[in-house]
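Since the structure comes first, as structure tokens, the remarks are kept for the end.
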Amino acid sequence: MAGSGRVEIVNRYESKYLIPPVLMPEVRKYIAPFTVPDRFCKGDPPEYAITTLQLDTPSLAFHYAKELEQDDRFKLRVRTYGAIGSAPVFTEIKGKFQGIVVKARTMIPFGAWSQGLIYSTDLPDIFRSRQQENDFLKFRRLAWETNAQPTIIVRYVRESYVGLGRDYLRVTFDKKLEYCPHATWTGFGAGESWYSMDSSEAQAEDDSCVVLEIKTLEDVPIWVIDMVERFSLQRGGHCKHSTGIWKEALFNRMAVPRDIAMDFLVWSV
């Protein structure tokens with residue numbers, strides 16, 4: 001959550017669908033009776049910007065674990081919201097175990113975030129609870145053990161809704177997807193070149209793909225199942241981290257076999 005200071009530890013199910021922008025108004029109208037805008041969003045439609053620093057190992061182990069759809073895997077990322085510097089930084093450990101998503105998330109004041117925070121043995125007094133401190137130490141330990149480094153930055157605009165029922169449910173539309181390959185620990189892409197993450201290199205910016213995501217804790221509501229059938233939505237994975245890596249490989253700017261990257265471009269169009 002963009003404005004929350006607490007640690008999130010969430011076990012949930014996630015379903016992703018790649019949809020054309022022209023379908024958004026119909027889907028938005030369909031979900032209106034069952035959802036309300038996320039309270040952290042602004043405007044109509046309700047949106048906020050997300051910028052995420054993706055960490056990976058020197059051999060891109062996190063990326064390949066996703067590409068190979070390993071049953072048990074995790075990744076490390078650092079996320080912020082809105083204009084860079086206007087919101088805290090959140091370190092996240094996101095794992096997937098037998099189809100269930102587990103996420104631990106810790107808030108850090110933006111000015112306190114640095115490479116030294118990861119590699120120093122000291123720990124500043126910046127956490128709001130002992131639990132937050134422990135979760136950050138887990139994040140740092142995993143970064144040490146895997147030699148995880150900044151690999152790529154992704155940013156996009158998220159339109160977000162939450163379910164009206166008592167059970168956890170979120171419906172989000174991610175659009176205007178971009179990535180920055182020149183990742184540093186603190187820059188979050190400021191002053192760098194950004195590249196489109198459209199599913200087709202030929203698409204115009206206004207016609208870029210939209211990632212529809214549905215997140216629930218357990219059973220999917222009947223209306224969600226009906227929506228998928230009504231709009232003939234095809235479920236499929238869409239990892240922003242991996243998409244950016246593959247696109248960089250097409251231009252020989254990242255150590256991923258070019259023939260594999262070309263195959264990716266063919267099936268992602």
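General observations
- Taking all protein chains together and rolling a 1.4 Å probe, LEU137 ends up with roughly 60 Å² accessible.
- As a size descriptor, the averaged projected area of the C-alpha convex hull of region 103-217 was calculated at 10.0 nm².
- Accessible surface ranking for TYR119, TYR48, 1.4 angstrom probe, highest first: TYR119, TYR48.
- Exposure rank, largest accessible area first [LEU23, LEU217; 1.4 Å]: LEU217, LEU23
- Ordered from largest to smallest accessible area (heavy atoms of protein chains, 1.4 Å probe), the residues PHE97, PHE139, PHE74 come out as PHE97, PHE74, PHE139.
- When the pairs LYS42/LYS247; LYS215/LYS247; LYS75/LYS215; LYS16/LYS138 are compared against a 23 Å limit on Cα-Cα distance, LYS42/LYS247; LYS215/LYS247; LYS16/LYS138 fall above it.
- Surface accessible to a 1.4 Å probe, ASP71 within the full protein complex, Å²: 100
- Solvent exposure of region 52-93, expressed per residue, is 37 Å² of accessible area, with all protein chains present and a 1.4 angstrom probe.
- Extension gain from VAL36 to TYR168, taking 0.36 nm per residue of separation minus the Cα-Cα distance: 46.3 nm
The values are calculated or read from the model by the stated rules, or taken from the named source; none is laboratory data. Since the model is a prediction, treat every value here as computed from it, not as a measurement. Surface accessibility is based on the protein's heavy atoms, side chains included, excluding ligands, DNA and RNA. Shrake-Rupley method; radii C 1.70, N 1.55, O 1.52, S 1.80 Å.
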